[in-house]
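The values are calculated or read from the model by the stated rules, or taken from the named source; none is laboratory data. Keep in mind it's a predicted model, so treat the numbers as computed, not measured. With ideal geometry, Cβ positions are generated from the backbone for all residues, glycine too; neighbour counts draw on all protein chains shown. The protein model used for the area step is the full one, side chains on, heavy atoms only, and it has no ligands, DNA or RNA in it. Shrake-Rupley method; radii C 1.70, N 1.55, O 1.52, S 1.80 Å.
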Amino acid sequence: MKNIQELKTLLKYIPAYKIPLMLGIGAIVMNQAFALLSPRFIKYAIDSLNPESIHDTHGELPGIGFLVVKIVQYLNQLEVNARMMGYAVAIIISVIIAGIFRYWMRQTIIVTSRKIEYDLRNDFFAHLQRMSMSFFQKYSTGDLMARATNDLNSIRALIGPAVMYSFNTVLTFIFVLSVMILISLKLTLLVLITVPLVILVVYTAMQWIYKGHLRVQEKFSEISTLSQENLSGIRVIKAFVREDSEIQRFEKLNREYIDENMFLVKVEGAVFPLVGMLLGMSTLLGIWYGGKLVVAGEISLGNLVAFNTYLVTLSWPVISIGWVLSLIQRGSASMARLNRIFEEIPEIHDPTSVYRPVVLTARMIAEKRVPQNGKKGTATVIKDAFQPLDRIRGDIEFRDVSFGYVAGKPVLKNINLRIRQGQTVAIVGYTGAGKTSLVNLIPRLYDVSQGQLRIDGVDVRNIPLRTLRKHIGFVSQEPFLFSTTLGTNIAYGLDQWEMDDVLWASDIAQLKTDVDRFPHQFETILGERGITLSGGQKQRATIARALIRRPSILILDDALSSVDTYTEELILAQLRGVMAERTCLIISHRISTIKDADLIIVLDEGQIVEQGTHDSLIAMDGIYADLHQKQLLREELEL
Ligand code: UTP
Ligand code: MG
């Protein structure tokens, strides 16, 4: 139980459910109280047949006992038939009331555990959303999915059954044991000697069952992966005549799966008889020694029967101790795995101060309202002199920027670059030169390792993330679209949108003619359960998605690579109109895409090695001229 302290995380969820939890615990108490009654009535029913033992009141709890005594006094006045009928009715009523409270206990506690699971899952998802890119490189998708599903399930089992049965067990022990002790202390101690054994057996069996379940699940996922691959790769299988060997592969896996299941069946099959035998031994001891006590006149026959009924009542709580222990162990191990994720803090976060200096007016200087660093009482002055940065013009400046994904391995080295609002800047370079890494810094997908990246003269780390990203239209190298309608995908970055916006953006991205051919135009569902777009269609949809926000800075990372040169020409011409006042960064391997840019940057091994316009770079006869030459050659060959 080394992980037990991990469960502290759950404490903060409890206060919201104080009332249902209290009601649940109340229901457990009431359930126990009424469950105690029926064996009492059994005792009095039996003892009423034997005038000698009628006055044995061992096992009467104060309080409830008073009620029982009143009912018993009334029933014992009746003649034998009516009396027995009366006892039967009393037993049935107490069992029914106990059952109602039992239902209530489940309703309140199990429902609460579902709600806490819901809260925890929401928190986990929200936490993942806040994480930076580096986090997602550290944890794989499959790992995070497993934590969000399997681990969350074992935590729920911990909150629900574990909490419920712990309370139930503790209360049963207190109530039932005290009654049993009141009947006979010696007898109670004797029958309890098997309890530790039962707990041990159940706990061990649960451990085996759990491990067995894990192996069954693993085998099952292997089987489903194999079937899925086989079905989707059926052409390859047929083409290479591999049907028989695939059948053999499947048979082998299937056999292993069944074997693992058989192990589970054996363990589960053994544990119940074993526990039953141990509990049976207790009953045996109870009857043997209890019988002697009855003969000796220490307890009445009715009380011996009642005692054995209590012993049966105790068996489920005893079994549940072992079960709950294993639930706690699993739940706390899972909680530990979730805690490791909750402990991660986003590397890239909002600045602590979201104000920037406005230009100081002569009057502010005259009135000495200029912020005075470090002096007391300047807070209000500073607040006046700074205003929230809520717009971005699109002036970008790299000041001696170096960057690496891992320490000591720079991918970008000493980048100095000034891009003015409204400029179109192109970035070229061989593959792996660092182009994507450079533009990733602008919306702070990553932070610089050294130097400074300034937008509108402010370090990006001092601009609120929302503001920064809201004004950047980013088309990444690998287009990604969600499995929803095309229209929703294009309007993804907007909180509210009109169809006109979607039409406008798709028009510039040259998507209109394609969309007209789709079955439901912009309502067409994309992805697995809808249509699949071609590479070029995907790229243009993501361009439309970036444009619809009318960004101050537009970044196209190789976003026209799958579009033919004619369509590319149309898109660029339209962009020039829309982006006249805005800043545009275009990464491309194709010279035709970028030759008209105001400035072309050539990156090589993370450094800017050439920059200028198309003509000046051709004249320079360096990497750019080389790239250009090769493309001209290829075009000629293609012609
Ligand atoms: P880039 O992804 O910046 O190169 O990787 P690029 O210029 O855009 O290349 P193309 O044209 O799209 O192919 C630059 C270097 O950074 C490393 C890559 O291995 C490459 O050497 N890198 C990239 C990482 O180490 N981690 C990443 O997550 C991405
Ligand atoms: Mg790239």
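Descriptive notes on the structure:
- Filter result for LEU453 (of a type outside the set (Val, Ile, Thr), touching a residue at least 40 places away in the same chain (Cβ under 8 Å) and closer than 27 Å to ILE525 by Cβ): no
- With respect to being touching a residue at least 12 places away in the same chain (Cβ under 8 Å), more than 16 Å from ligand 2 (Cβ to nearest atom), buried (at least 16 other Cβ atoms within 10 Å of the Cβ) and part of a helix (DSSP H, G or I), ASP507 falls outside the description.
- Leading residue by the ranking (modelled with the lowest pLDDT) among those in region 453-466 that are more than 27 Å from the chain's Cα centre (by Cα) and in a helix (DSSP H, G or I): ASN462
- The residues in region 473-485 that are in a loop (DSSP other than H, G, I, E, B) and within 16 Å of ligand 1 (Cβ to nearest atom) can be counted, and the count is 5.
- If only residues of region 486-503 that are open to solvent by 20 Å² or more (accessible area, probe 1.4 Å) and not in a loop (DSSP other than H, G, I, E, B) are counted, the one that is nearest to ligand 2 (Cβ to nearest atom) is THR488.
- Test: residue in region 160-172 that is modelled with pLDDT under 85, in a loop (DSSP other than H, G, I, E, B), within 20 Å of the chain's Cα centre (by Cα) and among the small types (Gly, Ala, Ser): no
- Residues in region 579-593 that are among the hydroxyl-bearing types (Ser, Thr, Tyr) and within 12 Å of ligand 1 (Cβ to nearest atom): SER588 only.
- Condition check for ASP564: within 14 Å of ligand 2 (Cβ to nearest atom) and closer than 18 Å to ALA509 by Cα: no
- Candidate set: region 485-506, residues that are polar (S, T, N, Q) and at pLDDT 85 or above; chosen: the one nearest to SER437 (Cα to Cα): ASN489
- Within region 116-130, none of the residues are more than 20 Å from ILE14 (Cβ to Cβ) and open to solvent by less than 20 Å² (accessible area, probe 1.4 Å).
- Those helices (runs of 4 or more DSSP H) lying entirely in region 65-155 with at least 3 residues modelled with pLDDT under 85 and under 30 Å from PHE342 (Cα atoms): 133-138, 141-146
- The lone exception for GLU218 - which of (1) acidic (Asp, Glu); (2) surrounded by 12 or more Cβ atoms within 10 Å (Cβ to Cβ); (3) modelled with pLDDT of 85 or more it fails: (3)
- Among the candidates GLY473, GLY432, residue that is more than 27 Å from the chain's Cα centre (by Cα) and away from ligand 2 (no atom under 16 Å from the Cβ): GLY473
The rows are residues; the columns are (1) out of contact with any Leu (no Cβ under 9 Å at 6 or more places or on another chain); (2) open to solvent by 10 Å² or more (accessible area, probe 1.4 Å); (3) more than 24 Å from ALA580 (Cβ to Cβ).
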site	(1), (2), (3)
PHE403	no, no, yes
ARG418	yes, yes, no
GLY422	yes, yes, no
LEU445	yes, yes, yes
GLN477	yes, yes, yes
LEU481	no, yes, yes
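- Residue that is farthest from SER334 (Cα to Cα) [pool: residues in region 84-115 that are among the hydroxyl-bearing types (Ser, Thr, Tyr) and open to solvent by less than 40 Å² (accessible area, probe 1.4 Å)]: TYR87
- Qualifying residue in region 166-182 (condition: closer than 24 Å to ASN339 by Cβ and not charged (D, E, K, R)): yes
- All conditions in (1) more than 16 Å from ligand 2 (Cβ to nearest atom); (2) open to solvent by 60 Å² or more (accessible area, probe 1.4 Å) hold for PHE175, with the sole exception of (2).
- Scanning region 559-578 for residues that are surrounded by fewer than 21 Cβ atoms within 10 Å (Cβ to Cβ) and within 16 Å of ligand 1 (Cβ to nearest atom) yields a count of 2.
- Flag for THR431 being surrounded by 15 or more Cβ atoms within 10 Å (Cβ to Cβ) and at negative phi: no
- Just one of (1) free of Cβ contacts under 8 Å to residues at least 24 places away in the same chain; (2) in a helix (DSSP H, G or I) fails for ALA544. It is (1).
- HIS589 being away from ligand 2 (no atom under 16 Å from the Cβ), open to solvent by 10 Å² or more (accessible area, probe 1.4 Å) and out of contact with any Gly (no Cβ under 6 Å at 6 or more places or on another chain): no
The rows are residues; the columns are (1) free of Cβ contacts under 8 Å to residues at least 12 places away in the same chain; (2) surrounded by fewer than 18 Cβ atoms within 10 Å (Cβ to Cβ).
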residue	(1), (2)
MET277	yes, yes
MET281	no, yes
GLY286	no, no
ALA296	yes, yes
SER315	no, no
ILE321	no, no
LEU327	no, no
GLU347	no, yes
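- Filtered by the rule that a residue be in a loop (DSSP other than H, G, I, E, B) and either within 18 Å of ILE472 (Cα to Cα) or free of Cβ contacts under 8 Å to residues at least 24 places away in the same chain (or both), region 561-594 gives MET579, ALA580, GLU581, ARG582.
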